[in-house]
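The structure under discussion appears below in the form of structure tokens.
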Number of protein chains: 2
Amino acid sequence: MATLEIPGAHGLALPLAAGEAIRLVNTFGSQVVDTWAIAHHDSTEYLSVEHTRRMIGNLFPRKGDFFYSNRRAKMLSLEEDTAPGRHDMLFACCDKWLYQHYGCAPGHRSCRDNFLEALFAAGFDAHLVPNPVNLWMNIPVDPEGRIDILPPVSRPGDHVVLRALVDVLVVFSACPMDVTPINGPDRTPRPVHAEILPRA
Amino acid sequence: MATLEIPGAHGLALPLAAGEAIRLVNTFGSQVVDTWAIAHHDSTEYLSVEHTRRMIGNLFPRKGDFFYSNRRAKMLSLEEDTAPGRHDMLFACCDKWLYQHYGCAPGHRSCRDNFLEALFAAGFDAHLVPNPVNLWMNIPVDPEGRIDILPPVSRPGDHVVLRALVDVLVVFSACPMDVTPINGPDRTPRPVHAEILPRA
């Protein structure tokens, strides 16, 4: 099975047929990957973290959980997850307005633009940017609801397996963030790797 | 100033010019109100709870906080808030698929349909349903990230004042939920009342 590389700060969209899965490897351990899924035959149905939180009753997805669509249908399962930490479903993807807010020069890459670029490259159009699942992103919440932004606790080689319940287009962005330590204390986006797994 | 009524289980959309505000009163104390804001001149910009969480660093909005758009611009401020509890920014609005999930008959009213109906009635089209701010909705989160669904702790007459920073269309839905106790232990949607306040 061919290994796909998603370069640091770039994105990739690819189809998964119902029953197929993708193993996504955090090769260097420090990389956050923003992840979306869109129904292959109707782009108005997509993985919705706000519906998923409601259906799983938790802020954080765990091994064995399903990710639900905005029509409350199961789209993906988190079949394997080797990392000790959590994945984030609270934050919007980074975008040009966030980098503007941080005073970065125009043209800074962002997960939002990676999502759009990857969809266009795969032959799809985009009418909205859903809120992603931010794999390995370490966003703890304290009892007062305060949210922190910390480096990942994942290790080199940690991986997830996401299995499709329906035909979907999955979109990944190896997050370009180099202002906050969300991609590790050295603030350096790095590549991640993926392979498609056949039907179980 | 005329008082507007939003009947229980129904919605209302109305424009607020920059500087104007709306006082929304939880007349019976037990009613959750799903709340949206859309930029009046560009419906692709809207109040985004996922951007707001990131910008205020908290799951829960408090008096004095701003609500941000999906372009990280300030849209509304929570200028007053008399209730002792929290407002929810974690759950998608209820929709036909949730009532289907609960086994309700087709045609059960929902906040999603109220949002669409209210926009159409105000002369707007809708291309997506953003995740709302669920005023007075009591959704506590424990240290493990588990989410509970409880009756409001607001009291009759508790109110919020939302002030517009830009020209917006605000949309409210007095949530039709009658399955969970989110609108009080008797599971009965009730009317809420509103009035427009002039520029401060």
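The residues of region A:187-200 that are charged (D, E, K, R) and either within 13 Å of A:Gly8 (Cα to Cα) or open to solvent by less than 80 Å² (accessible area, probe 1.4 Å) (or both), listed by number, are A:Arg187, A:Arg190, A:Glu195. Assess whether A:Leu90 counts as being closer than 17 Å to A:Asp34 by Cα and without any contact (Cβ under 8 Å) to a residue 40 or more places away in the chain. Judged against the criteria, A:Leu90 is not a match.
Residues in region A:38-60 that are part of a loop (DSSP other than H, G, I, E, B) and more than 9 Å from every other protein chain (Cβ to nearest Cβ): A:His40, A:His41, A:Asp42, A:Ser43, A:Glu45. Pairs are defined by a Cβ separation below 6 Å, a sequence spacing of at least 6 or placement on different chains, a first member in region B:131-153 that is at positive phi and touching a residue at least 12 places away in the same chain (Cβ under 8 Å), and a second member that is surrounded by 20 or more Cβ atoms within 10 Å (Cβ to Cβ) and assigned to a strand (DSSP E or B); the pairs so defined are B:Trp136/B:Asn26. Among all positions in region A:113-135, there is no residue which is farther than 27 Å from A:Ser69 by Cβ and open to solvent by 70 Å² or more (accessible area, probe 1.4 Å). Counting only residues that are open to solvent by 60 Å² or more (accessible area, probe 1.4 Å) and part of a loop (DSSP other than H, G, I, E, B), region A:73-109 holds 8 of them.
Of all residues in region A:142-173, those being open to solvent by 30 Å² or more (accessible area, probe 1.4 Å), farther than 23 Å from A:Ile6 by Cα and either at pLDDT below 95 or of a type in the set (Gly, Ala, Ser) (or both) number 3. Would you check if B:Ala21 is in contact with a Phe, Trp or Tyr (Cβ under 8 Å, 6 or more places away or on another chain), over 22 Å from A:Tyr102 (Cβ atoms) and surrounded by fewer than 23 Cβ atoms within 10 Å (Cβ to Cβ)? Here the answer is no, as B:Ala21 does not meet what is asked. If only residues of region A:151-188 that are within 14 Å of chain B (Cβ to nearest Cβ) and in contact with a helix residue (DSSP H, G or I) (Cβ under 7 Å, 6 or more places away or on another chain) are counted, the one that is farthest from B:Asp65 (Cα to Cα) is A:Cys175. Of all residues assigned to region A:61-72, none qualifies as being open to solvent by 10 Å² or more (accessible area, probe 1.4 Å), away from every other protein chain (no Cβ under 12 Å) and closer than 22 Å to A:Gly11 by Cα.
Consider region A:35-54 and keep the residues that are over 15 Å from A:Ala164 (Cα atoms) and surrounded by fewer than 18 Cβ atoms within 10 Å (Cβ to Cβ). The one that is farthest from the chain's Cα centre (by Cα) is A:Asp42.
Note on region B:110-195: no enclosed strands (runs of 3 or more DSSP E) hold 2 or more residues that are over 17 Å from the mean Cα position of the chain (by Cα) and farther than 20 Å from B:Ser48 by Cα. The set of residues in region B:1-12 that are open to solvent by 20 Å² or more (accessible area, probe 1.4 Å) and assigned to a strand (DSSP E or B) comprises B:Leu4, B:Glu5, B:Gly11, B:Leu12. Criterion first (touching a Ser or Thr at 6+ places or on another chain (Cβ under 7 Å) and among the hydrophobic types (A, V, I, L, M, F, W, C)) does A:Phe172 satisfy it? It is true that A:Phe172 is touching a Ser or Thr at 6+ places or on another chain (Cβ under 7 Å) and among the hydrophobic types (A, V, I, L, M, F, W, C).
Filter region A:76-104 for residues that are more than 13 Å from chain B (Cβ to nearest Cβ) and within 23 Å of A:Ala164 (Cβ to Cβ) and give the result. Those that are more than 13 Å from chain B (Cβ to nearest Cβ) and within 23 Å of A:Ala164 (Cβ to Cβ): A:Leu76, A:Ser77, A:Leu78, A:Glu79, A:Glu80, A:Asp81, A:Thr82, A:Ala83.
The values are calculated or read from the model by the stated rules, or taken from the named source; none is laboratory data. As the structure is a prediction and not an experimental result, all values here were calculated from the model. Neighbour counts are summed over all protein chains in view; Cβ atoms, including those assigned to glycine, are modelled from backbone coordinates with ideal geometry. Accessible surface is based on the protein model in full, side chains and every heavy atom, while ligands, DNA and RNA are left aside. Shrake-Rupley method; radii C 1.70, N 1.55, O 1.52, S 1.80 Å.
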